[in-house]
Amino acid sequence: MSEKDLIPQALKRLLELPGVTDILVDGAKNCLVDVGRGLEQAPNPYESEQELVSAIRQLAFDAGARLDLAKPAADFMIGRVRFHAILPFGIAATTLVSIRVHPVNQISLSELAATGFIDLSQRNVLEQALVNRSNLIISGPTSAGKTTLLAALIAELRERVICIEQMPELQIRWPAIRIFEREANQDGLGEISMQQLLTHSLRMRPDRIVVGEVRGAELGQMLQAMNNGHSGTMATLHARSLHEVPNRLISLGMLAGLSQKLVSNLAGTSIDLVIQVGIVNRLRKVVAIGKLSNFDRNLEIEPLNLMAAA
């Protein structure tokens with residue numbers, strides 16, 4: 001049975017909507033989809049809570065993930081579709097399923113420019129940053145296009161890019177390769193963290209290192225790698241605005257056991273550009289590009305004059 005055949009027909013109808021990127025199933029009553037215009041109501045593919053629970057547990061099982069009373073929340077992938085599921089076992093009133101649909105093929109900067117995701121001046125800055133092997137952080141809120149832009153930047157390269165991800169979301173082609181985080185088993189053994197994967201990636205002769213999303217202690221190791229000469233490193237970061245990025249970096253660095261002063265020094269000297277993505281009039285796009293600096297021991301960010309930079 002192919003991965004496509006594992007998905008029930010009722011759900012497949014939503015997944016086949018042109019341009020669909022997100023499907024949110026909240027119990028057996030409510031459903032939202034995003035086909036490029038923001039979230040809109042859609043018919044729920046399930047008629048009862050029992051049908052939804054049965055379907056999502058079977059999907060998780062087929063994907064090799066555990067989803068039951070003892071572990072009522074799980075992330076898993078089936079093909080290019082990422083599922084996040086929460087069962088109503090003491091942590092929710094109803095079953096909640098969040099689905100992200102990734103593109104079949106790699107998307108390019110040219111295609112992003114054609115859709116209005118980036119303008120000409122932003123494209124020029126990004127292309128020059130790749131040539132200069134600049135260290136880049138792509139920042140933005142949920143579903144604003146961070147992974148989309150990161151994948152487009154990787155698509156411009158023909159290098160050995162080691163992509164470190166929580167789950168396999170980036171569309172890449174060889175010589176780029178990817179390695180994934182792994183949860184512990186039922187005995188609490190076998191966990192492989194993002195931080196451990198960064199250590200492994202440094203021994204794999206990377207031309208560049210990409211971190212799918214910086215969420216914790218791996219930030220410290222990534223900043224150290226940047227400062228030790230691993231130029232061209234790229235990562236995504238969850239932040240609602242460009243000016244939230246310094247505090248977000250400091251908070252994550254402190255989770256790694258680093259002092260605020262050290263995080264400011266490392267980030268201010270190693271991260272070359274921060275690209276902020278957002279949703280404007282329901283469209284995903286780059287809204288600003290900024291440069292970090294460590295001024296008087298404080299990490300600060302200044303937006304670039306993109307027309308001048310172009």
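The values are calculated or read from the model by the stated rules, or taken from the named source; none is laboratory data. For clarity, every value in this text was computed on a predicted model and none was experimentally measured. Every residue, glycine among them, receives a Cβ derived from its backbone with ideal geometry; neighbour counts consider all protein chains shown.
Please verify whether Pro168 is modelled with pLDDT under 95, touching a Phe, Trp or Tyr at 6+ places or on another chain (Cβ under 7 Å) and not β-branched (Val, Ile, Thr), treating the condition exactly as stated.
On the way: modelled with pLDDT under 95: yes; touching a Phe, Trp or Tyr at 6+ places or on another chain (Cβ under 7 Å): yes; not β-branched (Val, Ile, Thr): yes.
Yes; evaluated as a whole, the condition is true for this residue.
State whether one or more residues within segment 124-145 are in contact with a Leu (Cβ under 8 Å, 6 or more places away or on another chain), without any contact (Cβ under 8 Å) to a residue 12 or more places away in the chain and assigned by TED's automatic domain parsing to the domain that holds His230.
no
Might you let me know whether segment 14-21 holds any residue that is outside any loop (DSSP other than H, G, I, E, B), charged (D, E, K, R) and either more than 23 Å from Leu170 (Cβ to Cβ) or modelled with pLDDT under 90 (or both)? Let's see the steps before the verdict.
Keep residues of segment 14-21 that are outside any loop (DSSP other than H, G, I, E, B), which gives 14-15.
If we keep only those that are charged (D, E, K, R) as well, we get none.
No, because not a single residue in segment 14-21 is outside any loop (DSSP other than H, G, I, E, B), charged (D, E, K, R) and either more than 23 Å from Leu170 (Cβ to Cβ) or modelled with pLDDT under 90 (or both).
Is there a residue in segment 3-18 that is crowded, with 17+ Cβ neighbours inside 10 Å, in contact with a helix residue (DSSP H, G or I) (Cβ under 9 Å, 6 or more places away or on another chain), outside the structural domain of Arg284 (by TED's automatic domain parsing) and closer than 20 Å to Ala93 by Cα?
no
Of (1) at pLDDT below 90; (2) in contact with a Ser or Thr (Cβ under 6 Å, 6 or more places away or on another chain), Leu24 satisfies all except one. Which?
(1)
Among (1) more than 18 Å from Pro103 (Cβ to Cβ); (2) outside any helix (DSSP H, G or I); (3) at pLDDT 80 or above; (4) not hydroxyl-bearing (Ser, Thr, Tyr), where does Leu157 come up short?
All conditions are met except number (1).
How many residues are outside any helix (DSSP H, G or I) and under 22 Å from the mean Cα position of the chain (by Cα) when one looks only at segment 90-118? Before the answer, list the steps.
The first filter runs over segment 90-118 and keeps only residues outside any helix (DSSP H, G or I), leaving 90-108, 116-118.
When the remaining residues are screened for being under 22 Å from the mean Cα position of the chain (by Cα), the result is 96-108, 116-118.
Total meeting the criteria: 16.
Against the conditions (1) on the phi < 0 side of the Ramachandran plot; (2) buried (at least 17 other Cβ atoms within 10 Å of the Cβ); (3) of a type outside the set (Phe, Trp, Tyr), where does Asp62 fall short? Just the number, please.
(2)
Test of understanding: among Asn294, Asn247, Asn281, which residue is at pLDDT below 90, surrounded by fewer than 17 Cβ atoms within 10 Å (Cβ to Cβ) and either out of contact with any Phe, Trp or Tyr (no Cβ under 6 Å at 6 or more places or on another chain) or on the phi > 0 side of the Ramachandran plot (or both)? It would help to see each step written out before you state the result.
Values: Asn294 fails: surrounded by fewer than 17 Cβ atoms within 10 Å (Cβ to Cβ); Asn247 fails: at pLDDT below 90.
Exactly one of Asn294, Asn247, Asn281 is at pLDDT below 90, surrounded by fewer than 17 Cβ atoms within 10 Å (Cβ to Cβ) and either out of contact with any Phe, Trp or Tyr (no Cβ under 6 Å at 6 or more places or on another chain) or on the phi > 0 side of the Ramachandran plot (or both), namely Asn281.
Please give the strands (runs of 3 or more DSSP E) falling wholly within segment 35-89 in which 3 or more residues are touching a residue at least 12 places away in the same chain (Cβ under 8 Å).
Values: elements: 39-41, 73-78, 81-86.
Once the strands (runs of 3 or more DSSP E) in segment 35-89 are filtered for at least 3 residues that are touching a residue at least 12 places away in the same chain (Cβ under 8 Å), what remains is 73-78, 81-86.
Considering every residue within segment 96-106, establish whether at least one is in contact (Cβ under 8 Å) with a residue 24 or more places away in the chain and either on the phi > 0 side of the Ramachandran plot or among the aromatic types (Phe, Trp, Tyr) (or both).
Keep residues of segment 96-106 that are in contact (Cβ under 8 Å) with a residue 24 or more places away in the chain, which gives 96-106.
Narrowing the set further to residues that are either on the phi > 0 side of the Ramachandran plot or among the aromatic types (Phe, Trp, Tyr) (or both) leaves none.
No, that holds for no residue.
Could we say that Ala114 is assigned by TED's automatic domain parsing to the domain that holds Ala151 and out of contact with any strand residue (DSSP E or B) (no Cβ under 8 Å at 6 or more places or on another chain) here? Lay out the reasoning, then the answer.
Numbers: assigned by TED's automatic domain parsing to the domain that holds Ala151: yes; out of contact with any strand residue (DSSP E or B) (no Cβ under 8 Å at 6 or more places or on another chain): yes.
So Ala114 passes the test.
When you scan segment 146-197, how many residues do you find that are small (Gly, Ala, Ser) and without any contact (Cβ under 8 Å) to a residue 40 or more places away in the chain?
Step one: list which residues in segment 146-197 are small (Gly, Ala, Ser), which gives 151-152, 155, 176, 184, 188, 190, 193.
Filter again for without any contact (Cβ under 8 Å) to a residue 40 or more places away in the chain, leaving 176, 184, 188, 190, 193.
Of the residues in that region, 5 qualify.
For Gly232, state whether it is without any contact (Cβ under 8 Å) to a residue 12 or more places away in the chain and assigned by TED's automatic domain parsing to the domain that holds Ser264. Show your work before the answer.
Numbers: without any contact (Cβ under 8 Å) to a residue 12 or more places away in the chain: no; assigned by TED's automatic domain parsing to the domain that holds Ser264: yes.
No: the conditions fail for Gly232.
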